[in-house]
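These notes are about the structure you will find just below.
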Amino acid sequence: MDDPGPSRREPFIKVQSFLDNRLSQIAELTSASRNDSLVKNEVTRGPRTALQRMPRHMRRRAMSYDSRRFPRLLRCQALKTKKKIKSPRHLRRRYQLKISRGKKIGWLETHLWHAKRHEMCTKWGRVIAEKCYQRGFRSTFRAIERFAAVHDISYTQCFQLTTTSGWDGGPGPLIDGLLKICRLRKEELLETIPGKFEAHTELFHPVTRLSYGPARISIHRADAGSSLVIWVHPAAAGYVKDLLNETYNLESSEKAEIQLHDLKGEFCRFRLFGPMALATLRAAFVLANPAEAAKYGDNHAQWEAITDSDRLADGSIISLLVQDVRVAIPARRTSPILQQQGGDEASRDGFSAAVVPDVYDADEREKARAARISDGQLNADRGKAARKLAAKSNMPVLIVRLGAAERRGILSGFDIIAPRGFARDIWRALQMRNCRSMSLRDYRAAHLEIQAPYFPEDRVDFVGYRDLAREDTLRVETRYHARPPHERSNFVDLGVPFPFCFEWELLWKELMGHQECRVPRQFYVDPKPDDCLLPIRIVMLAGSLPEKFSLICAPNIEEKRRILQGDRSLTLEEVPRKKKKLAEAPEKPIPVRPKDPLSGFVELDVTKKEQNAPIRPLFGLSRTLTKKNASLLELPKKADAKRKVAKKGAAKKTEEEGKEDKPRPYHSTCSRTIIGRVVRGGRSQSTLSGVGYGYVPHKLFKQLPMMHDGAVAWIRTNNSVHYHLAKLTIDPAPHIDF
């Protein structure tokens, strides 16, 4: 029989049978990867992890945390099945602290940048950088003198008064009301009409003459009418708003010709200082193309012609249209190049560039924000561009010149005003040009460096000064009582009145005899009357540094004579009250016991040692008292006698203390007459001497001994018993910018 051979396979397969076989295999693999087919109580419920699929001898606890311990073929699967680690609770809780949009206290646009580098504080409804974690004022002062520094003053508030009535060169209703509440003359206001200057003035109530603080005013003309822009400090914003409503009668009239707009948060404003300020602005702001900025042609030509910032008049305004500052930001920090100074000096009449008030136009601001591209789109375009990226949007800015160097000193520079939404871009552009940031403490120290008052904390004539002083007193007292009791200064023994406040009204009443303090209404009177409080500059001749709440005392007749003779090494020390009591207490004589001439001899008289024995106990007339019972009977008598003696001693002590610790007047609490107080003091970085700022009545200031160009008085800090000589000079211009 023939062998049939191997069976022949068919070249085709049945799809249905093939799928059934494959599905059964997939089901077996799936069941193998689940816990159903595993040994009972071996693993938990749910699908098997990558670690559970490995043999027992290869399983390690560390594999669940470090996927690199798995075999290479299982690492990807282990990474996919690994659960995401939750952040700690204290870190997740911080997200709630970052939500500020729903609160009344708002953030500045540069808040996140400052919060990483500064200690933040809540002031005037804003969160502001109080002090830097890394640097002190010395490095900032060095940057102001040699390079440039910038301070974000976007917390200031802007009010805009608009009118639709025509203005044919004469004084309009805006000027008529403004002349009643500011110190500017009519001629000075008319110079600001074209919008070329931002005038600095002082606002006050037309009837009570109370000061409402400094303000920067500019008047702009447009086709539809005119507008008056007023920049004020946020501490005075509420008072100024009520003052404007009262002056222009805006609340009573239904269809008012003048409308008031509160533009809080609509602008960002930066204050730039230092010799490199102009070069920094030129490097950060690239002017827009002439085709896109046809109406800015004269402004751009004037800006490019400026080579020296000192030749610009105070308050000059330059309106520019610049490209997106993010395009020109360098990859690393670079310092701008300082151009050679030259050219003709620009006077008020010679500055002929016309200002285009696009920044103060709401429609133009909205157009600029709508044209701005996002950071993500800008980075995507930058990655695609083969060469330098071209700017696709522009923004309007205003450059304002700040004061002359003779008065403002290191605080002379520029102000940058831009619409809301561009603050972070401008701030980053300035930082990448090596522009040092200034905190609020640095800004106060810069005012102290030029011996100028910082508004509103150093201006006692401000209408809201009492509320600010009350908050400051509460803060200082809380910090004082937080210290251990043995580390606190005893101001009663030191003879320091009101160590945490000034109490100007009480001091004024004792020194001048007036019932009302005339500080608020006598600041801007010239010549100065005798019954006014003078703002003075303090320069220490020797000794320690003046501090806030320090005492200004007048020398006596002998000290005046020595001061007029040129003795500057004169010092004085206050004796505390405790030491005074010890020194004034009379010494009690120590009683001396007379010497007995018969000491050492034996007494022969026996009757002296005899004692009388009671007879009543012998006959049983009374019970025999033991020594213990006798002492118990004598206790009430001794207690009554002791109580009487203690009561007499306490009454005598209270009477003596009442005579000695009788409350003294404010001005005579210490050994020298107090004539004023220091509101701010410290060390000057330029002269390395103690400087300060304070207030003294004019009548008492004229009685001080004069030396060279100032008067001489004692300065004593609250925590010290030493007096040091200081030179006092009258501040000729106490009203400086906010």
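The values are calculated or read from the model by the stated rules, or taken from the named source; none is laboratory data. Because the structure is a prediction, the values reported are computed rather than measured. As a convention, Cβ positions derive from the backbone with ideal geometry for all residues, glycine included, and neighbour counts pool all protein chains shown.
When you go through Arg420, Arg433 one by one, which is the residue that is basic (Lys, Arg), surrounded by 22 or more Cβ atoms within 10 Å (Cβ to Cβ) and closer than 30 Å to Arg369 by Cα? On inspection, the qualifying residue turns out to be Arg433. Looking only at residues in region 531-553 that are in contact with a Pro (Cβ under 8 Å, 6 or more places away or on another chain) and modelled with pLDDT under 90, the one that is nearest to Gly694 (Cα to Cα) is Leu534. Scanning region 529-566 for residues that are among the hydrophobic types (A, V, I, L, M, F, W, C) and assigned to a loop (DSSP other than H, G, I, E, B), we see that the one that is surrounded by the most Cβ atoms within 10 Å (Cβ to Cβ) is Ala554. Residues that are surrounded by fewer than 18 Cβ atoms within 10 Å (Cβ to Cβ) and in contact with a strand residue (DSSP E or B) (Cβ under 8 Å, 6 or more places away or on another chain) within region 200-220 comprise just one, Leu210.
Only one of the listed residues (Leu250, Leu260) is surrounded by fewer than 22 Cβ atoms within 10 Å (Cβ to Cβ) and in a loop (DSSP other than H, G, I, E, B). That residue is Leu250. The residues of region 265-282 that are more than 11 Å from Phe147 (Cα to Cα), hydrophobic (A, V, I, L, M, F, W, C) and touching a Ser or Thr at 6+ places or on another chain (Cβ under 8 Å), listed by number, are Phe267, Cys268, Phe270. Within region 288-306, can you find the residues that are more than 11 Å from Leu320 (Cβ to Cβ), aliphatic (A, V, I, L, M) and in contact with a strand residue (DSSP E or B) (Cβ under 9 Å, 6 or more places away or on another chain)? Within region 288-306, Ile306 is the sole residue that qualifies. Residue check: is Met512 among the hydrophobic types (A, V, I, L, M, F, W, C) and modelled with pLDDT of 85 or more? For Met512, the condition - among the hydrophobic types (A, V, I, L, M, F, W, C) and modelled with pLDDT of 85 or more - is not met. Against the list (1) under 23 Å from Leu203 (Cα atoms); (2) of a type in the set (A, V, I, L, M); (3) at pLDDT below 95, the condition Ile417 fails is (3).
The set of residues in region 86-118 being of a type in the set (Lys, Arg) and either modelled with pLDDT under 60 or loosely packed, with under 10 Cβ neighbours inside 10 Å (or both) consists of Lys86, Arg89, Arg92, Arg93, Arg94, Lys98, Arg101, Lys103, Lys104, Lys116. One residue alone among Val476, Val492, Val460 is closer than 30 Å to Ser671 by Cβ and crowded, with 18+ Cβ neighbours inside 10 Å, and that residue is Val460. With a requirement of 2 or more residues that are at positive phi and within 23 Å of the chain's Cα centre (by Cα), none of the helices (runs of 4 or more DSSP H) lying completely within region 371-436 satisfies it. Somewhere in region 189-200, is a residue of a type in the set (A, V, I, L, M, F, W, C), at pLDDT 90 or above and touching a Gly at 6+ places or on another chain (Cβ under 8 Å)? Within region 189-200, none of the residues are of a type in the set (A, V, I, L, M, F, W, C), at pLDDT 90 or above and touching a Gly at 6+ places or on another chain (Cβ under 8 Å).
Scanning region 663-687 for residues that are out of contact with any helix residue (DSSP H, G or I) (no Cβ under 6 Å at 6 or more places or on another chain) and part of a strand (DSSP E or B), we see that the one that is nearest to Lys509 (Cα to Cα) is Gly676.
Remark: Arg677 matches the filter, which requires a residue to be under 25 Å from Leu411 (Cβ atoms), assigned by TED's automatic domain parsing to the domain that holds Cys501, surrounded by 13 or more Cβ atoms within 10 Å (Cβ to Cβ) and modelled with pLDDT of 80 or more. The residue pairs whose first member lies in region 292-320 and is within 22 Å of Gly409 (Cβ to Cβ) and assigned by TED's automatic domain parsing to the domain that holds Val397, whose second member is part of a helix (DSSP H, G or I) and not acidic (Asp, Glu), and whose beta carbons are closer than 6 Å, counting only pairs six or more residues apart or on different chains, are Ser309/Leu278. Any residue at all in region 236-243 that is outside the structural domain of Val397 (by TED's automatic domain parsing), among the acidic types (Asp, Glu), modelled with pLDDT under 90 and farther than 23 Å from Pro194 by Cβ? Taking every residue of region 236-243 in turn, none turns out to be outside the structural domain of Val397 (by TED's automatic domain parsing), among the acidic types (Asp, Glu), modelled with pLDDT under 90 and farther than 23 Å from Pro194 by Cβ. Where residues in region 263-299 are assigned to a loop (DSSP other than H, G, I, E, B) and either modelled with pLDDT of 95 or more or of a type in the set (Phe, Trp, Tyr) (or both), which of them is nearest to Asp442 (Cα to Cα)? Among those that are assigned to a loop (DSSP other than H, G, I, E, B) and either modelled with pLDDT of 95 or more or of a type in the set (Phe, Trp, Tyr) (or both), it is Phe285. Scanning region 707-714 turns up one or more residues that are touching a Pro at 6+ places or on another chain (Cβ under 9 Å), assigned to a strand (DSSP E or B) and without any contact (Cβ under 8 Å) to a residue 40 or more places away in the chain.
Picking from residues in region 119-150 that are in the same structural domain as Ile426 (by TED's automatic domain parsing) and assigned to a strand (DSSP E or B), the one that is surrounded by the fewest Cβ atoms within 10 Å (Cβ to Cβ) is Val150.
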